[in-house]
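Student: One structure, pasted below without further comment.
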């Protein structure tokens, strides 16, 4: 399924990567989420050529989550995968997926994790996915099936929804849908779906090329859209607290801290102060158990540099007196450099 919004520059390449798969046992659903450019024209031209493979939904803008929900209602295959309109599939994606599924006939596989690759638009360089090492630790062989309630390291995977293939019976059983009209909509589903899943397969040979270095990316937004992050954080925390899933405290806190650091750094100056204030109140309201699990988890699973960054951020964001550090780019850079020097000096003394 490919949701598209004003994607005239990249959509054709995305569609072509699907239509030129080495195995044609697939269906393509295109959802035009209220585009104002040539997206509709491009979708209809492919529909005219391949109307036996493609279904097309034009709709008013409801955000990426709303577009995915609209597309899911038309899915009539056993599994569904998602692809953003500026990324593209590896050519043997369908072939290798079906080969693995046929090799595990009779097994109820609810979710499949794939391993994308990163493509930089500027340099045109391709590199490994962010969590490749962790993926190979969780899935020790190709096509291995695990229970995420047992191998909980899987919760530390990057939250990207497009790297997950979902069984439609599983989607219906857990009554899943995406939150609409917000960005960062992949955070909550990552934890919700994994926490409901008992059978997840890992396939490292398939995935998609994830494009970075482009201003058209959803994550390239620097304005008020970044405040949507607070909505998805609240959704996640409410779910964890309601279900009493203490095992999710560390992976959830890790995501919250990493996304907060990144969003504050990338936010424009007009929205930074509001974003910082909201994040301050969010973290201030968390119980001490979350902080204890973050400290314990960083010591066990993170590098020293990451552990320091997380704990320094938590100190600065929780105490209002230090929030000014994040209000201005220059202040933040200066404070970060000073803290790093002090930490290195402390190591030399020790």
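Student: Can you tell me which of 270, 235, 175 is part of a helix (DSSP H, G or I) and modelled with pLDDT of 95 or more?
Tutor: 235
Student: Mind checking which strands (runs of 3 or more DSSP E) fall wholly inside the range 27-97 and carry at least 2 residues that are under 23 Å from the mean Cα position of the chain (by Cα) and crowded, with 17+ Cβ neighbours inside 10 Å?
Tutor: Output list reads 28-33, 79-81.
Student: Now a separate question. Counting just the residues of the range 283-309 that are under 16 Å from residue 260 (Cα atoms) and at pLDDT 90 or above, which one comes out surrounded by the most Cβ atoms within 10 Å (Cβ to Cβ)?
Tutor: Residue satisfying both the conditions and the ranking: 294.
Student: Here are the criteria: (1) out of contact with any strand residue (DSSP E or B) (no Cβ under 6 Å at 6 or more places or on another chain); (2) touching a residue at least 40 places away in the same chain (Cβ under 8 Å); (3) under 19 Å from residue 252 (Cα atoms). Tell me which single one residue 131 does not satisfy.
Tutor: For residue 131, the exception is condition (2).
Student: OK, next. Residue 218 versus (1) closer than 21 Å to residue 70 by Cα; (2) surrounded by 15 or more Cβ atoms within 10 Å (Cβ to Cβ); (3) modelled with pLDDT of 95 or more: which is the lone unmet condition?
Tutor: Only one criterion is unmet by residue 218, namely (3).
Student: Against the condition surrounded by 14 or more Cβ atoms within 10 Å (Cβ to Cβ), modelled with pLDDT of 95 or more and under 26 Å from residue 176 (Cβ atoms), how does residue 12 come out, does it pass?
Tutor: No, not satisfied.
The values are calculated or read from the model by the stated rules, or taken from the named source; none is laboratory data. These numbers were taken from a predicted model, which means no experiment stands behind them. Note that each Cβ is placed from the backbone with ideal geometry, even for glycine, and that neighbours are counted across all protein chains shown.
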